[in-house]
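Colleague: Just dropping this structure here.
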Amino acid sequence: MKLNWFSKKEKPVLPSYYLEYEASILQNKELPIKETRFIVFDTETTGFSRRDDRVLSIGAISLIDNAINVNDVFEVYVLQKVFTAETVPIHGILKEGRIEKITELTALKLFLNYIQDAVLVGHHVGFDIDMMNEILKRNNLPKLQNKTLDTGTLYKKSKHTVYQEKDKHYSLDNLCDELNISKSDRHTASGDAYITAIAFLKILSRLNKNDDLKLKDLLLD
Amino acid sequence: MKNSIAERVSDFLKNYPPFNLLTNKKILEISTEVKVIYLEKGKVLFNQNDKIHKYFYIVRNGGISLSKKSENDKTLIDICDGGDIFGLRPLISKENYLLDATANEESIVFGIPIEVFEAVSEKNLKINKYLITSFASKSFDPYTNEQSSNVFTDYIEKNNLVDSNLNSVKYTKKPLSCTVKWTVKEAAIKMSNRKIGCIIVVNDACYPIGIITNSDLKNKIATGLFSIDTSVQEIMSTPVITQSKNLTILDAQLQMIKHKVGHLCITTDGTSNSKLIGILTNHDVLASLGNNPTVILKEIKRAKKTKEIRKIRNKANLLLKSYLEQNIPLSHISKIISEINDSVTIRIIELSLKKMDSPPPVKFSWLAIGSQGRKEQLLYTDQDNALIFEDTDAADYLKTKKYFLKLASHITKSLHKVGYEYCPAEMMASNPEWCMSLSEWKNKFNDWIINVDDKAILLSSIFFDYNTVYGEVNLAKELSKSIFETLNERTLIYTFLGKEAIASPSPLGFFKQFLVENNGDRKDSFNIKKRALMPLINAARLLILSKNVSEINNTSQRFEKLAELEPQNKELYQSCAYAFKALLKFKTKQGILNNDSGKIILLESLTKEEKLKLKRCFKPIREIQELLSNRFNLKNIR
């Protein structure tokens, strides 16, 4: 690879779908929690390696004012060359399954168009963001620029100081047990996104007891 | 794009009415547009007087309480749980909400967008009927808890019902009409002559343009607002709601509820721009629906033979069926059915007296005891009755007793022919032990109360619920007086009655599972009479006796009276009254469905929601048993 530290960095020409996405982020105004569009999302992948593994499906749900709109959900299955048989039992997506699959690039375009400037929420969201960023990178695009929230971290925050265990790792299953959420449909991207959304609503209401919560309170760690 | 969330929503919705009446494809169409709302305990979904939402709601998890605010009071109307729908007002009328909807516990609620729902369900009659009954029973009588008997809305599909509701209504042809030139006085004279409660104002082409009803005359004329010489135009209600003649009963009800009117004008093409050909009143709609109780009562009174009475009594069963299907409040139903039952007995006694060689030597009264005495008998049950006759000289006693025993055996035999089974324990007036003089009765009760034992309790618990059906009311009153005098001296009987009342533990078991009767062929069946109704009946009787209140025999009325007497326990007593009515209705429906008394319910025949709703009725049973246990010190006895 040729190193060109000194040459003027060429600005890559970004495709229109990314520019539209970026424009929405730039126009973003901070809204009260009640009006903020949150998108809870989850990816099913072939494994846990950012570099070698691939996204098989993306499930996402939008959330405004304590309500999920079922007509504003996102669910795609991605055609991938990489395939690991070991994870099939977990996510249930077959290589040649009957579900209609689309290319990674199409999935990306649809996803960016869907999320716009929403606040992205996920359980251990870092991994899902990383996986999405890898897709962006493979297509020579900058990273996601949305604000993000992690339900694992928020859940810890919602517990009384006395019971907070800084280092404890809460799996989505733990969260379901503690927040009394039915675990049916775990391990599909949409199912996990739905469960995470319910968990997020419950956590949010716990944190917002005084009805004066601001987005920046959530973003601060 | 695939939408797994919508599929999940539809998997839920398809189990519940009215959605279960739609095809899966249509349910999915609705599900795609659903809004999932999370509510913490105490959070409000809508307030009374709020503008109506674009959604109506179904509870996914948790419970939503509906309540009505008045100046300084808040009355709980209903608690909706899993699968219950609420917030139907926007579907029916465009007014603001009349109730508060608040999360009673942490809840998830699905908002069903009305526009989508209406488009998908089109004009499905069954759905409309379900929604109307749910709506009407929740909001039209907000001042009582009567709507609670709506707990068991008839979502069970019944073809005959649908048929009858699809029949065209019988409207009144040749309605009374007048033109705008008439004065109110002229119109009123015509109404009065024809003994009709309304007159239609028509134009020259005979198109209906307005209506004057009795209430217009009351509100606008009798109050002095308008003089009787005013033109009818001044006071008529306008415009009128018009319909075409092949209107179904269901549509007629729908129109009346929607427009809040009691009269529909029938015109040749159904619009107000065509000739008036008839009028349909609220009364016509009711009359079109099944039988009419007034007619049945008249027929019973005129019957000359037991056989005739049997036929008429069977009509009452049809009436009962249609009442249950229409979701008419249970207390109204039981009043009417009790009235019919009583008049059957009265007519039979009259006919039996004719069979005797001579009139009764002394005054007597015929008592209904047990469920008929409590006016809770809806289906045919066993006969439980007794006879009191006036005290006589010792010399005449035997002869007198013989006379009444003979009379009683005529009566019980006839009742049996009509369809009331003989009481297996022979608690009938034809049994010498249940056919006695007033003093004998007094002694018997005193004996039960003073030398109380389990057998005495069983017997007295039936007899405490007596009600005079025929004959001399004062005999029964005197007996009651004597009973209460003895009761006040002896309180041990309360302990025994209390023991009886808590003997069957509340069916709401520790694991919230149903306690089922687990012996033999009763396996997996639930005895709703023994487990749910009797504990409430026993509790009400004991409490009302301990308050020295006589003459209220009906269990739900007893609880309502208790709520009045003990404001601190008002809520519990009211919920007992409500649970009792709901359970009795449930038992009656089961009985009609299986053609038996309905007291044994097969658990597998219940849907999940029915189980849920039954469980809700069990809560007050547990609470009332706790109250009895504390109040009458029963802890050590159990």
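Colleague: Take segment A:93-122 and flag every residue that is free of Cβ contacts under 8 Å to residues at least 24 places away in the same chain and of a type in the set (A, V, I, L, M).
Modeller: A:Leu94, A:Ile99
Colleague: Follow-up question, since we're still on this one. Can we say A:Ser182 is hydroxyl-bearing (Ser, Thr, Tyr), open to solvent by 50 Å² or more (accessible area, probe 1.4 Å), within 11 Å of chain B (Cβ to nearest Cβ) and out of contact with any Leu (no Cβ under 7 Å at 6 or more places or on another chain)?
Modeller: It is true that A:Ser182 is hydroxyl-bearing (Ser, Thr, Tyr), open to solvent by 50 Å² or more (accessible area, probe 1.4 Å), within 11 Å of chain B (Cβ to nearest Cβ) and out of contact with any Leu (no Cβ under 7 Å at 6 or more places or on another chain).
Colleague: Does B:Glu29 meet the test of being within 12 Å of another protein chain (Cβ to nearest Cβ), touching a residue at least 40 places away in the same chain (Cβ under 8 Å) and out of contact with any strand residue (DSSP E or B) (no Cβ under 7 Å at 6 or more places or on another chain)?
Modeller: So B:Glu29 fits the description; yes.
Colleague: Name the residues in segment B:71-112 that are out of contact with any Ser or Thr (no Cβ under 7 Å at 6 or more places or on another chain), closer than 30 Å to A:Ala199 by Cα, open to solvent by 20 Å² or more (accessible area, probe 1.4 Å) and at pLDDT 80 or above, would you?
Modeller: B:Glu105, B:Glu106
Okay, residues lined up against (1) modelled with pLDDT of 90 or more; (2) surrounded by fewer than 20 Cβ atoms within 10 Å (Cβ to Cβ):
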site: B:Leu276; (1), (2): yes, no
site: B:Asn282; (1), (2): no, yes
site: B:Lys301; (1), (2): no, yes
site: B:Ser322; (1), (2): no, yes
site: B:Leu330; (1), (2): no, no
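Colleague: Having 3 or more residues that are away from every other protein chain (no Cβ under 14 Å) and of a type in the set (Asp, Glu) is the bar; report the strands (runs of 3 or more DSSP E) wholly within segment B:52-111 that clear it.
Modeller: B:73-81
Colleague: Shifting gears a bit: Inspect segment B:199-222 for any residue being of a type in the set (Val, Ile, Thr), over 38 Å from the mean Cα position of the chain (by Cα) and over 17 Å from B:Ile277 (Cα atoms) and give the result as yes or no.
Modeller: Scanning segment B:199-222, I find no residue that is of a type in the set (Val, Ile, Thr), over 38 Å from the mean Cα position of the chain (by Cα) and over 17 Å from B:Ile277 (Cα atoms), so the answer is no.
Colleague: B:Lys68: closer than 20 Å to B:Gly87 by Cβ, open to solvent by 10 Å² or more (accessible area, probe 1.4 Å) and in contact with a strand residue (DSSP E or B) (Cβ under 8 Å, 6 or more places away or on another chain), yes or no?
Modeller: yes
Colleague: Can I ask one more? Take the residues in segment B:1-26 that are surrounded by 22 or more Cβ atoms within 10 Å (Cβ to Cβ) and small (Gly, Ala, Ser); name whichever of them is farthest from the other protein chains (Cβ to nearest Cβ).
Modeller: B:Ser10
Colleague: Going by what's in this entry, would A:Glu178 be described as out of contact with any Ser or Thr (no Cβ under 9 Å at 6 or more places or on another chain) and within 19 Å of A:Leu218 (Cα to Cα)?
Modeller: Spelling it out, it is not the case that A:Glu178 is out of contact with any Ser or Thr (no Cβ under 9 Å at 6 or more places or on another chain) and within 19 Å of A:Leu218 (Cα to Cα).
Colleague: Pull up segment B:33-51, narrow it to residues that are surrounded by fewer than 18 Cβ atoms within 10 Å (Cβ to Cβ) and part of a loop (DSSP other than H, G, I, E, B), then point me to the one that is nearest to the other protein chains (Cβ to nearest Cβ).
Modeller: Step by step, filter segment B:33-51, then rank; the result is B:Lys43.
Colleague: Hey, B:Ser164 hits all of (1) open to solvent by 40 Å² or more (accessible area, probe 1.4 Å); (2) modelled with pLDDT of 75 or more; (3) of a type in the set (Ser, Thr, Tyr) but one; which does it fall short on?
Modeller: The failed condition is (2).
Colleague: Test each condition in (1) under 23 Å from B:Lys354 (Cβ atoms); (2) within 30 Å of the chain's Cα centre (by Cα) for B:Lys399 and report the one that comes out false.
Modeller: (2)
Colleague: Being touching a residue at least 40 places away in the same chain (Cβ under 8 Å), surrounded by fewer than 19 Cβ atoms within 10 Å (Cβ to Cβ) and within 14 Å of chain B (Cβ to nearest Cβ) is the filter here; which residues of segment A:194-221 pass it?
Modeller: Result: A:Arg206, A:Leu207, A:Asn208, A:Leu213.
Colleague: Kindly state which helices (runs of 4 or more DSSP H) lie completely within segment B:521-624 and contain at least 3 residues that are open to solvent by 70 Å² or more (accessible area, probe 1.4 Å).
Modeller: Because the criterion is at least 3 residues that are open to solvent by 70 Å² or more (accessible area, probe 1.4 Å), the helices (runs of 4 or more DSSP H) in segment B:521-624 that meet it are B:555-565, B:570-594.
Colleague: Further, regarding this structure: Considering only segment B:350-371, how many residues are touching a strand residue (DSSP E or B) at 6+ places or on another chain (Cβ under 6 Å) and surrounded by fewer than 21 Cβ atoms within 10 Å (Cβ to Cβ)?
Modeller: Going through segment B:350-371 one residue at a time, the tally reaches 1.
Colleague: Here is a follow-up. Given (1) at pLDDT below 80; (2) over 25 Å from the mean Cα position of the chain (by Cα), identify the lone condition not met by B:Ser121.
Modeller: Condition not satisfied by B:Ser121: (1).
Colleague: Within segment A:46-58, how many residues are away from chain B (no Cβ under 14 Å) and touching a residue at least 12 places away in the same chain (Cβ under 8 Å)?
Modeller: So the answer is 9.
Colleague: Could you list, ordered by first residue, the pairs with Cβ atoms under 9 Å in which the first is in segment B:66-87 and touching a residue at least 24 places away in the same chain (Cβ under 8 Å) and among the aromatic types (Phe, Trp, Tyr) and the second is part of a strand (DSSP E or B) and open to solvent by 10 Å² or more (accessible area, probe 1.4 Å), at least 6 apart or interchain?
Modeller: Note: pairs meeting the criteria are B:Phe86/B:Leu45; B:Phe86/B:Asp78.
The values are calculated or read from the model by the stated rules, or taken from the named source; none is laboratory data. Keep in mind that what you see is a predicted model, and the values were worked out from it rather than measured. Here Cβ is always computed from backbone atoms with ideal geometry, including for glycine, and neighbour counts include all displayed protein chains. Only protein heavy atoms, including side chains, enter the accessible area calculation; ligands, DNA and RNA are left aside. Shrake-Rupley method; radii C 1.70, N 1.55, O 1.52, S 1.80 Å.
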